[in-house]
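Reading through the structure tokens given below for one structure.
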Amino acid sequence: MNLANWLTLFRLFLVPIFTFAVLLDVPGGAFIGAVVFAVASITDGLDGYIARSRKEVTKFGKLMDPIADKLLVTAALLCLVQLGQVSAWPALIIIGREFAVSGLRMIAASEGVVISASRWGKVKTVSQIVAVLALLLQLSWANLFLWFTVVVTVVSGVHYFLKAQDILKSSMK
């Protein structure tokens, strides 16, 4: 197993640690959760970079990296909803988009097509990371930024579906 895959597994391992830290009712729990989330987010950028630069891209990484990303963001949003820091609506919209695009990618894969991350997808990822960290740290602009993130998330989802129209049409025949 290469370093990039280990980083992906490490990110998966951090999800329950993050969740426990945030939901545990102790002083500084949200801050500890923010640190764990930040470390996990850094591994998200590193694993792909390392895999590509070392020419060690694997099927495991292609499958597990996006799953780890979705689990991390979903866990964070659900924790924030549970704590009453976020309305369920933005969380549902973001999580729904993640499932929809994951489904689209599975359809494309069944047609032998790989849908790579777009610029919109990368902006969405950074936006989600910043929003979650801002919410965990209870920064004054966090809720407003979350709604910006919802818009970026929806736009990026629409972008993926528009790019994949032909794939969707051929998969429905």
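With respect to the chain, whose longest principal axis is taken over its alpha-carbon atoms, helix 88-110 is tilted by about 30°. As I understand it, the value is the acute angle between the Cα axis of helix 142-163 and the longest principal axis of the Cα atoms of the chain; what does it come to in degrees, rounded to 10? So the inclination is approximately 10 degrees.
Roughly how tilted is helix 119-136, in degrees to the nearest 10 and between 0 and 90, from the longest Cα axis of the chain? That helix lies at roughly 20 degrees to the long axis. Loop-located chymotrypsin sites (Phe, Trp or Tyr not before Pro) in region 116-169 (DSSP state not H, G, I, E or B) with no more than 12 neighbouring Cβ atoms inside 10 Å: W141. Too long at a 22 Å Cα-Cα cut-off: which of K55/K169; K122/K163; K59/K173; K124/K173? From the list (K55/K169; K122/K163; K59/K173; K124/K173), the Cα-Cα distance tops 22 Å for K55/K169; K59/K173; K124/K173. When each of the peptides 54-67, 86-99 is scored by how many other beta carbons lie within 10 Å of its residues on average, the order from highest to lowest is 86-99, 54-67. Estimated at 0.36 nm per residue, the fully extended path between L139 and V114 surpasses their Cα-Cα distance by 5.2 nm. Among the listed values [x] 111, 37, 18; [y] 53, 37, 22; [z] 50, 32, 29, the one computed from these coordinates for Cα extents along the principal axes in Å is [y]. Working from label points 7 Å from Cα in the Cα-to-Cβ sense, the L162 to V57 distance is 2.5 nm. Relative contact order of the chain: 24 percent, from C-alpha pairs under 8 Å at least 6 residues apart in sequence.
We did not get these values from a lab; they are worked out from the coordinates using the rules stated. Just so it is clear, the model here is predicted, and its values are computed rather than measured. Note that each Cβ is placed from the backbone with ideal geometry, even for glycine, and that neighbours are counted across all protein chains shown.
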